[in-house]
1. Bin by bin, in steps of 10 Å, what percent of the Cα pairs in region 91-228 do you find, going until the bin that has the longest distance?
2. Percent of Cα-Cα pairs per 10 Å bin, from 0 to the last occupied bin, for region 2-84, please list those.
3. What are the ³J(HN,Hα) couplings of region 195-200, residue after residue, when phi is run through the Karplus curve with 6.51, -1.76, 1.60 and θ = phi - 60°? Round to Hz, x for glycine and proline.
4. At a 10 Å Cβ-Cβ cut-off, how would you order Ile6, Ile128, fewest neighbours first?
5. Just Leu59, Leu181, Leu14 to compare: in a GNM of the chain, with alpha carbon springs under 10 Å, which one fluctuates most?
6. Please compute the length gained on full extension between Arg159 and Trp175, using 0.36 nm multiplied by the number of residues separating them and subtracting their Cα-Cα distance.
7. Considering only Phe120, Ala170, Ala224, whose Cα is most displaced toward the positive end of the charge dipole of region 91-228, charges sitting on Cβ of Lys, Arg (+1) and Asp, Glu (-1)?
8. Suppose every K and R has +1 on its Cβ and every D and E has -1 on its Cβ; what is the size of the dipole of the chain about the Cα centre, in Debye to the nearest 20?
Amino acid sequence: MKVAVIASTDAAWLGRWRTLAGTEACEVAGRVWVRGPDELAWDLLPALGRFTADQAGRLTPVGNRLPTERLPEATWQSLTEFLRVRPAAAALPALHVAPIAWTLVPSEAFQAPQMLMLPFGDFFAWGITAPSVRLQGLRFAVASDGRACVMGEVLPPLRGEGWCVEHSIATPAGWALPRGLTPVLVAGSMRLSAGETVLLHADGTAERLPSESFVELTRSALRATAEGIDQPIHLED
């Protein structure tokens, strides 16, 4: 079994593992401990330390031969339960809304959207019954105000607001950056983190979407997200 420890402020990153079997977490002294199967992508975790655990709970740092610590004596929970009291993993955490120094202009050319924004209830009702093949290649996040953000090459056939994405910069379908500004320049000026996407709104505001806000679209991820919303979403009989 592998074990890692991360800062509590990075706990939202675990959202992408929330639906994976065998993963557990606990929080001790401002740090989150995570344990799970060896086959997980542990190298991607923003870990402060990585270990291998033996049957006695002794922890050996990766690269070492001798144990140096023990598993913390705390209440371990599945990631679904552990993250329930935190912002939903499939979430756009307040999105850091901020004004920008210019506004968008009407687009002169058509570009197919790669992102769809719509009410989570509509998205849930579609995703929970759609053929499995339609879910492949899609990722989603959900804002506290109930917006679902869906990304992928083949978007769901649902009503919503389409967005075009280029070099991590997203603009509403039908709108574009002013002449002379390119997505590469804007992304560079905003100093985006790896995998981060920015929504540029026509009203002159911007929202930042961390990569860890998104989870792969599966029915279990949809149900887990619905359970984490204050008013859970259920299909009507």
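A short reminder: the numbers here are calculations on the coordinates, not readings from a lab. Predicted model, so just to flag it, every value in this text is computed and none were measured. Cβ coordinates were reconstructed from backbone atoms using ideal geometry, including for glycine residues, and neighbour counts include every protein chain displayed.
1. Whole-percent P(r) values from 0 Å outward: 12, 44, 32, 11, 1.
2. Here the calculated profile for region 2-84 is 18, 57, 24, 1.
3. x, 6, 10, 10, 8, 9
4. Least to most surrounded, the residues fall as Ile128, Ile6.
5. Greatest mean-square fluctuation among the candidates belongs to Leu181.
6. So the chain would gain 3.9 nm between Arg159 and Trp175.
7. It is Ala224, whose Cα lies furthest towards the positive end.
8. 480
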